[in-house]
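Enquirer: Before I ask anything, let me first share the structure, which is written out below as structure tokens.
The values are calculated or read from the model by the stated rules, or taken from the named source; none is laboratory data. None of these values were measured; they are calculated from a predicted model. Cβ placement follows ideal geometry from the backbone for every residue including glycine, while neighbour counts extend to all protein chains displayed. Surface accessibility is based on the protein's heavy atoms, side chains included, excluding ligands, DNA and RNA. Shrake-Rupley method; radii C 1.70, N 1.55, O 1.52, S 1.80 Å.
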Amino acid sequence: MEREHLWKSLFVLGIVLVMISFSKGTLLSERGGILIYENSAYRGYLLHCSEEPYLTLDVQQDKLVSLYVMTTEESSRFIDGIPIENVSIAFSLVNISEYSGLMNLGGQGLYILYVTTFNQSESSIEYDYLTYELMVSREVPHFWAITTGLIFLALGSLLLYLRILESRRVKV
Amino acid sequence: MSENQTRKFSTHRLEINMSYPFPTIVGLLSLFIFVASISLLNLPDFDLDIYLPIGWEPIVVGEELARVIRTLTTRAAVASILNSFYISLLLIPLLIAFNFALSFSNGQIRTLVSYPIEKRDLLLVKSGVLFILIVATVTLGGVFGLVFFYPFTIDVVVLGQFLVPLWITIFLMIASCMFIAVLSRSAPVTAVGGIGVWFGIYVLLPLQSIPSFIVNILYPIFSAMNYVNHEPGSPGYFLGTTSINDVLLGCGAALALGALLLYLSVLVFRRLEV
């Protein structure tokens, strides 16, 4: 590919990637809620998360839930019977009825988000029915897409700069 | 490089420069990266949950977790390619119409055959360059999308299980559109005919009266996607359960049909007075 076309191509790809990096994406959207029949039962959702996805939780009927996010490896340990306080939790919220904010997970990867009525406080709350709305969105701009896009734009700019220098030298 | 190889290389260069001038290739790549990324960002999230009742069975829940992870990864792999494939259904007939069929009426073919290029080579180079262009841009677009949004989660074997059928489907589409172009020598007929045939088949496929082996041959990509990711909403769901043998037989038959159509196109093109 000629250099003339190369810098233009890098610019086109860079702009497309920067545009993509600002596209919003929903990882999980549970509207209308789910049922949790027993106290200390868990409902887990698989997420492929970026480092800091945005969480919105709204529990209905003025009730409380606890929320734990852990990697699939830790989740396997938890499923095998290790108590939840002994597994490594990436993010947790205990006894809440609503929340909106970033979840700092510390890294990109596969996570399981558990919702439960089980709470670690002294008082025991027993529900047999609970509904909530849960939404997890990707953070924008998306790190890898914007980084790659900016690298492409930088390389394109460098090639354009070299081309301008070359044309000046030819004129002289 | 021998003289023959140099000539073939020059023919490829000539075809790329004439039929796909800048920024066609980078534009196609950008389009497919964009489509794959948007498809991955809006990946369906149903059926990705597990339930742990009091006194849950670790083995049962563990298997359910493995199923959910498999569902997500196969769903992401399929989503990265599927919408780009739908776009190529439209693009392939249009590109053949404007880069090959149109050249019968504007005299470009006459100019090309005046060079020391055989008619067979001309048709094969045109088909080959388009095949490589579409396959490379669709695949790279999907891979870019996966690397950005689902890194380190995609099984290469799973990806290969439907990338190869995708390439074979694209080959069959190109061969059939070339055949239409050679027979009709008309850009509008090639464009409308190619799009009509392939979208027509796509619309008619879910009809119960059409045997599944026809679907496996004409759209091996759908049977492969159904084999990898059999769930409601996937394009080959109406096929029911698909085995690896169905996919392999479908791919083999599609490859043979594509080669036959290309051979017939060469035969017809050789006899044409241009």
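Enquirer: When region A:47-69 is examined, which residues are found to be under 15 Å from A:GLY101 (Cα atoms) and surrounded by fewer than 18 Cβ atoms within 10 Å (Cβ to Cβ)?
Expert: Correct list: A:GLU51, A:GLU52, A:THR56, A:ASP58.
Enquirer: Sort out which residues of region A:70-92 are more than 14 Å from chain B (Cβ to nearest Cβ) and either surrounded by 17 or more Cβ atoms within 10 Å (Cβ to Cβ) or in contact (Cβ under 8 Å) with a residue 24 or more places away in the chain (or both), and write them in order of number. Step through it out loud before you land on a result.
Expert: We begin by selecting, within region A:70-92, every residue more than 14 Å from chain B (Cβ to nearest Cβ); these are A:85-86, A:88-92.
Across region A:70-92, the qualifying residues are A:GLU85, A:ALA90, A:PHE91, A:SER92.
Enquirer: Residue check, A:MET70 against (1) modelled with pLDDT under 80; (2) within 19 Å of B:LEU52 (Cα to Cα); (3) among the hydrophobic types (A, V, I, L, M, F, W, C), all met but one. Which one?
Expert: (1)
Enquirer: Pairs only if they're at least six apart or on different chains, beta carbon under 7 angstrom, first in region B:46-57 and under 8 Å from A:TYR42 (Cα atoms), second among the aromatic types (Phe, Trp, Tyr) and at pLDDT below 90; list them, first residue then second.
Expert: The qualifying pairs are B:LEU52/A:TYR42.
Enquirer: Of the conditions (1) under 24 Å from the mean Cα position of the chain (by Cα); (2) under 19 Å from B:TYR227 (Cα atoms); (3) open to solvent by less than 10 Å² (accessible area, probe 1.4 Å), B:VAL68 clears all except one; give me its number.
Expert: Condition (1) is where B:VAL68 drops out.
Condition check ((1) touching a Leu at 6+ places or on another chain (Cβ under 8 Å); (2) open to solvent by 30 Å² or more (accessible area, probe 1.4 Å)) across all residues:
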{"position": "B:VAL125", "(1), (2)": "no, no"}
{"position": "B:ILE132", "(1), (2)": "no, yes"}
{"position": "B:THR139", "(1), (2)": "yes, no"}
{"position": "B:THR153", "(1), (2)": "yes, no"}
{"position": "B:VAL156", "(1), (2)": "no, yes"}
{"position": "B:ILE170", "(1), (2)": "no, no"}
{"position": "B:PHE179", "(1), (2)": "yes, yes"}
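Enquirer: Go through (1) at pLDDT 95 or above; (2) open to solvent by less than 10 Å² (accessible area, probe 1.4 Å) one by one and return the number of the condition B:VAL215 breaks.
Expert: (1)
Enquirer: Here are some conditions: (1) within 20 Å of the chain's Cα centre (by Cα); (2) more than 9 Å from every other protein chain (Cβ to nearest Cβ). B:VAL26 meets all but one. Which one does it not meet?
Expert: B:VAL26 satisfies every listed condition except (2).
Enquirer: Within region B:218-240, is even one residue in a helix (DSSP H, G or I) and surrounded by fewer than 15 Cβ atoms within 10 Å (Cβ to Cβ)? Break it down into steps so the answer makes sense when it comes.
Expert: Initially, region B:218-240 is screened for residues in a helix (DSSP H, G or I), giving B:218, B:220-228, B:237-239.
In the following step, the residues that additionally are surrounded by fewer than 15 Cβ atoms within 10 Å (Cβ to Cβ) were identified as none.
For region B:218-240, residues in a helix (DSSP H, G or I) and surrounded by fewer than 15 Cβ atoms within 10 Å (Cβ to Cβ): absent.
Enquirer: Could you say whether any residue in region B:7-15 is in contact (Cβ under 8 Å) with a residue 40 or more places away in the chain, more than 14 Å from every other protein chain (Cβ to nearest Cβ), in a helix (DSSP H, G or I) and more than 30 Å from B:ILE195 (Cα to Cα)?
Expert: Yes, the conditions are met somewhere in region B:7-15.
Enquirer: Going through region A:28-62 one residue at a time, which ones are at pLDDT 90 or above, more than 7 Å from every other protein chain (Cβ to nearest Cβ) and either more than 27 Å from A:GLU73 (Cα to Cα) or out of contact with any Gly (no Cβ under 9 Å at 6 or more places or on another chain) (or both)?
Expert: Once the filter is applied, which keeps residues that are at pLDDT 90 or above, more than 7 Å from every other protein chain (Cβ to nearest Cβ) and either more than 27 Å from A:GLU73 (Cα to Cα) or out of contact with any Gly (no Cβ under 9 Å at 6 or more places or on another chain) (or both), region A:28-62 yields A:LEU47, A:PRO53, A:LEU57, A:ASP58.
Enquirer: Within the bounds of region B:38-59, is there any residue that is facing chain A (nearest Cβ under 10 Å), under 19 Å from the mean Cα position of the chain (by Cα) and crowded, with 23+ Cβ neighbours inside 10 Å?
Expert: Yes, that holds for at least one residue.
Enquirer: I would also like to ask the following. Take the residues of region A:93-111 that are touching a strand residue (DSSP E or B) at 6+ places or on another chain (Cβ under 8 Å) and not in a strand (DSSP E or B): which is nearest to the other protein chains (Cβ to nearest Cβ)? Don't jump to the end; show me each part of the working.
Expert: First, the residues of region A:93-111 that are touching a strand residue (DSSP E or B) at 6+ places or on another chain (Cβ under 8 Å): A:93-105, A:108-111.
If we keep only those that are not in a strand (DSSP E or B) as well, we get A:97, A:103-105, A:108.
Working: A:SER97: 21, A:MET103: 16, A:ASN104: 19, A:LEU105: 15, A:GLN108: 7 Å.
Looking at residues that are touching a strand residue (DSSP E or B) at 6+ places or on another chain (Cβ under 8 Å) and not in a strand (DSSP E or B), I get A:GLN108.
Enquirer: Also, I was wondering about something else. Specify which of the listed residues (B:ALA77, B:ALA101, B:ALA97) is closer than 19 Å to B:GLY236 by Cα, in contact (Cβ under 8 Å) with a residue 60 or more places away in the chain and of a type outside the set (Lys, Arg). Reasoning before the result, please.
Expert: On the way: B:ALA101 fails: closer than 19 Å to B:GLY236 by Cα; B:ALA97 fails: closer than 19 Å to B:GLY236 by Cα.
After applying the criteria, what remains is B:ALA77.
Enquirer: Follow-up. Of all residues in region B:109-123, which are assigned to a helix (DSSP H, G or I), surrounded by fewer than 19 Cβ atoms within 10 Å (Cβ to Cβ) and in contact (Cβ under 8 Å) with a residue 12 or more places away in the chain?
Expert: Step one: list which residues in region B:109-123 are assigned to a helix (DSSP H, G or I), which gives B:109-114, B:119-123.
Restricting the remaining residues to those that are surrounded by fewer than 19 Cβ atoms within 10 Å (Cβ to Cβ) gives B:110-111, B:113-114, B:119-121.
Across region B:109-123, the qualifying residues are B:ARG110, B:VAL113, B:LYS119, B:ARG120, B:ASP121.
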